[in-house]
1. For every other residue with a beta carbon closer than 11 angstrom to the beta carbon of Met196, add +1 if it is Lys or Arg and -1 if Asp or Glu, then tell me the sum.
2. Rounded to the nearest percent, how much of the accessible area of the range 179-291 (1.4 Å probe, protein heavy atoms only) is carbon and sulfur?
3. Counting only other residues whose beta carbon sits under 10 Å from that of Ile125, what net charge do I get with K and R as +1, D and E as -1?
4. For a quick check of your reading of the filter: which chymotrypsin sites (Phe, Trp or Tyr not before Pro) in the range 80-129 sit in a DSSP loop and have no more than 14 other Cβ atoms within 10 Å?
5. Would you tally the net charge around Phe244, using a Cβ to Cβ cut-off of less than 11 Å, leaving Phe244 out, and scoring K and R as +1, D and E as -1?
6. Checking the table Lys138/Lys194; Lys93/Lys236; Lys93/Lys138; Lys86/Lys138; Lys93/Lys211 against a 18 Å threshold on Cα-Cα, which pairs fail?
7. Over the range 54-145, what is the relative contact order in whole percent, taking alpha-carbon pairs under 8 Å and six or more residues apart?
8. What distance in nm separates the two pseudo spin-label positions at Asp88 and Ala238, each 7 Å out from Cα along the beta-carbon direction?
Amino acid sequence: MTRRWKSDLTEADVTPEAAWLNRRALIAGSVTLGALAAAGGARADTLTPNTLDEITHYNNFYEFGTGKTDPANNAGGLKTSPWAIKVDGMVDKPGTYTIDELLAGFTPEQRIYRFRCVEAWAMVIPWNGVPLASVLDKLGVQSGAKYVAMESVVQPDVMVGVRQGVIPFPYVEGLRLDEAMHPLTLLATGLYGKPMPNQNGAPIRLVVPWKYGFKSIKSIVRISLVADQPPTTWNKIAPQEYGFYSNVNPNVDHPRWSQATERLIGGGLFSKRQPTQMFNGYDEVASLYDGMDLRVNY
Ligand SMILES: Nc1nc2c(c(=O)[nH]1)N[C@H]1C(S)=C(S)[C@@H](COP(=O)(O)O)O[C@H]1N2
Ligand SMILES: [Mo]
């Protein structure tokens, strides 16, 4: 494969889990990412995916506890089948869907995305999934809908964090409709070519790579098309620290820490800090925020 840009991905870039790799999916993914990288000035180093072990043992999933290894230790009992997703609000085809029904007609794509938590750590994750836009188009978004609201599952019997009430549940998140319809926004059903691990939000979760990680809600059971900006979990808990938009922005610090740099998970002794990029490097979303002051935290 010819590298047209230095950030183009090759199979050598994904050696940690090379065995699973579907070559065709990789090539398709690399074309997409190459185009994005050229637009976004992505750094080749950060597009080397983290290992499966790193991605599944350093998580935030407060339903299973607040520690980074709690989800790996505690999410084994999550019941992911059967799984029902309620679709309601301003949509032509409301109802309760299985994942197969919701994703029928779409072939999952591979997207190797940078992932940036608001806590200033980062990874690169090879997701599998379907653009949220495809699913919303199929469901028929009505003209009054301006936002998409989503809700995570609550299974108290297997969720120690829910029983302890560490934060309010269900976890809820939302996007403005144009953000939800952006081609980068993914409904992910797996990573590294395998079904989504429980600790990463099985069986289906959102991935919004230009926003802080908490926007990427896990284990989704409800998708609502609504007229007004919906409440979101971290914004409700600490509005002065976590906005609704929460786009990755190295120039606006969190009230308690800098967002200028990030710690790239992995690499052991070679683990390093690197500069954080505006919109996490996904510059093609910038036009969504024309008129917003990027020196301010929203
Ligand atoms: N339901 C739910 N979704 C969630 C969270 C959570 O606690 N509960 N944590 C968020 C945060 S803060 C981050 S950084 C990402 C972490 O995703 P990962 O564990 O797959 O890396 O999930 C997000 N989605
Ligand atoms: Mo996060």
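The values are calculated or read from the model by the stated rules, or taken from the named source; none is laboratory data. Just so you know, these numbers come straight off a predicted model, no measurement behind them. Here the Cβ is made from the backbone with ideal geometry for all residues, glycine too, and neighbour counts use every protein chain on show. Protein only, heavy atoms only, side chains kept; ligands, DNA and RNA dropped before computing areas. Shrake-Rupley method; radii C 1.70, N 1.55, O 1.52, S 1.80 Å.
1. Here the count lands on +3.
2. Details: 2300 of 4130 Å².
So the carbon and sulfur contribution to the accessible surface is 56 percent.
3. Net local charge, Ile125 excluded: +1.
4. Details: sites: Trp83, Tyr97, Phe106, Tyr113, Phe115, Trp121, Trp127; in loops: Trp83, Phe106.
Sites meeting the loop and neighbour criteria: Phe106.
5. On the way: positive: Arg176, Lys211, Lys215, Lys236; negative: Glu173, Glu179.
Local charge sum for Phe244: +2.
6. The answer is Lys138/Lys194; Lys93/Lys236; Lys93/Lys211.
7. 22
8. 3.1
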